Structures are given as structure tokens and as C-alpha cells.
Amino acid sequence: MLTTHNAQSSGTIVDDRVGYLLKIKEALRQGQGPLDVPDSNKAGDPEKLRQRALLRELEEYRESKQKRLKVFRLEAVRAGFKKAWQQRDYATIIAVARKIPENVLQEDPKLLMWYDQALTRTGGES
């Protein structure tokens, strides 16, 4: 059997636990606390951030002084060609396409289509 002191102590512990659980429940209800789910709108859209990085890479390729690029990301070239096409920036498509290896351009149907159409629209020759 518990003494009065022990009963009061264990009662206090139970009261503290209940109070703690109520505080957690209230915090969660208000959107706070350790179980708060991150808001994707606050962190920025990861896909938009990825696209922005790919477009920066394409810009680096375009401004590169190298005649032929030996190391490049194909997905950056695809994303950049798509954006340039939407903006009717045919000069960028042609400039970068001339820097990447010919076989890469020939093996990717979308890149080849954008490049051929850019040449056609500018009246240029390959």
C-alpha cells in the first residue's frame, strides 16, 4: 500500500504527464510542435529550384569559351533548349548545339528537333 506522500507524488507525476500531453495536443492543434509537417510553399518548389539550376548550367555552356564541350549534363541542355524555344531564343539553341558533340545531338530526338527548327526559323545552315 502507498503512503500518503507516495500517493501525492505519483498523483503529481500523473498530473504532470496529463498536462504535458494536453500541451502537446494544443501545440499540434495550432500547427506547432515536433510533428509539424513542413510547408512546401515556404521551402520553395523543389522542381522549380532544380529547373533554375539546370538553366544556369545551360547559360554556363552558352558562355563557355570552349569550342566543344566535353563535360555537360544532357538534362541541363534539354531544359535549356525547352526554355529557349518557349522564349524564341533560337540563337542560344544554335550556339549550345554547336558546342555539344554531334552524336549526342543526333541521338536525342527532342534536341535535334529544337536545333533543326531553330536553324529553320533563323534561316541558318548547319
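The values are calculated or read from the model by the stated rules, or taken from the named source; none is laboratory data. Owing to the predicted nature of the structure, the values given are computational and were not obtained by experimental measurement. When we count neighbours, we look across all protein chains shown, and the Cβ atoms used for this are built from the backbone with ideal geometry, even at glycine.
Only one of (1) β-branched (Val, Ile, Thr); (2) at pLDDT below 90; (3) not in a helix (DSSP H, G or I) is not met by Ile100, so which one is it?
(2)
Within the stretch 70-126, restricting attention to residues that are under 19 Å from Glu60 (Cβ atoms) and of a type in the set (Gly, Ala, Ser), which residue is surrounded by the fewest Cβ atoms within 10 Å (Cβ to Cβ)?
Ala91
Inspect the stretch 82-90 for any residue being in the same structural domain as Lys110 (by TED's automatic domain parsing), in contact with a Ser or Thr (Cβ under 8 Å, 6 or more places away or on another chain) and under 17 Å from Met113 (Cβ atoms) and give the result as yes or no.
Scanning the stretch 82-90, I find at least one residue that is in the same structural domain as Lys110 (by TED's automatic domain parsing), in contact with a Ser or Thr (Cβ under 8 Å, 6 or more places away or on another chain) and under 17 Å from Met113 (Cβ atoms), so the answer is yes.
Report every pair of residues separated by at least 6 positions or lying on different chains whose Cβ atoms are under 6 Å apart, first residue within the stretch 107-121 and more than 11 Å from Trp85 (Cβ to Cβ) and in the same structural domain as Gly80 (by TED's automatic domain parsing), second among the aliphatic types (A, V, I, L, M) and surrounded by fewer than 21 Cβ atoms within 10 Å (Cβ to Cβ).
Sorted first by the residue in the stretch 107-121, then by its partner, the pairs are Leu112/Leu105.
Conditions: (1) in a helix (DSSP H, G or I); (2) at pLDDT below 95. Val71 meets all but one. Number of the miss?
(1)
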